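What follows is a single structure, written as structure tokens, with notes after it.
Where a number appears in this text, it was derived from the coordinates with a stated rule and is not lab data. Note that this is a predicted model, so its numbers are computed, not measured. Note that we place each Cβ from the backbone using ideal geometry, even for glycine, and neighbour counts take in every protein chain shown.
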Amino acid sequence: MLEGSRVRAVPPLIRVVVAIDPAVSSTERANKTGIIVAGKDAGERGWVLADASGRYQPAEWAMAAVSAYRAHKADRIVAEVNNGGDMVEATLRMIEPNVPFVAVRASRGKITRAEPIAALYEQGRVHHLGLFPALEDQMCAFTADARSGRSPYSAGCSPDRVDALVWALTDLLVEPMPGEGIYEMYRQWSGRLANAPTPDC
């Protein structure tokens with residue numbers, strides 16, 4: 001599927017974003033910071049343009065993201081803030097004070113968030129500009145088997161590049177369902193009820 005998505009040229013794009021999945025640490029054993037550049041065309045197709053992921057100190061990943069934003073003339077930077085909170089935006093603004101920024105917060109699991117993006121790939125609506133070996137290896141390894149413990153990403157290892165890819169393509173191509181907040185609230189409630197201890201009678 002990925003080989004079939006590969007292209008050598010990109011049509012005119014109507015939007016481009018840089019997405020960041022910041023790592024909480026930069027030690028040798030820490031996850032990398034995922035930084036993916038993607039765009040969409042007038043036909044609502046997604047185009048993966050660059051992978052600038054790496055093991056960075058906070059100021060370094062901010063510089064890498066801003067450099068990608070400038071190089072690709074992106075419209076904005078999207079970043080997950082579950083771990084870094086306001087510090088993620090503050091770190092970016094130290095490098096580029098006026099960068100358009102959108103914070104995203106994960107309320108669902110990684111597999112659930114990735115499912116709509118996997119569907120877009122299956123529909124042939126996402127293309128890769130050239131080769132992205134590390135990203136594509138991670139995409140192929142991150143499967144629904146994570147639920148059963150058979151995936152390399154099921155033991156606490158985070159798919160950093162895939163996370164950033166999912167945030168980028170979600171921002172560009174996935175329309176939020178009207179009223180989806182109430183469904184998410186009910187889903188969380190039912191999960192808590194299912195895991196609640198049964199009272200003794």
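Using the 10 angstrom Cβ neighbour count as an exposure proxy, how do THR143, THR170, THR112, THR33 rank, fewest first?
Listed from fewest to most nearby Cβ atoms, that is THR112, THR143, THR170, THR33.
Which of the lysines could be linked to LYS73 by a straight reach, that is with a Cα gap under 22 Å, when you skip same-chain ones fewer than 8 residues away?
LYS40
Please arrange TRP47, TRP61 by counting, for each residue, the other beta carbons lying within 10 Å of its beta carbon, fewest first.
Ordered by Cβ neighbours within 10 Å, fewest first: TRP47, TRP61.
Counting other beta carbons within 10 Å of each residue's own, what order do LEU120, LEU165, LEU49 fall into, fewest first?
The most exposed by this proxy come first: LEU120, LEU49, LEU165.
How large is the dipole of region 78-121 about the Cα centre if only Lys and Arg carry +1 and Asp and Glu carry -1, each at its Cβ, rounded to the nearest 20 debye?
It comes to approximately 180 debye.
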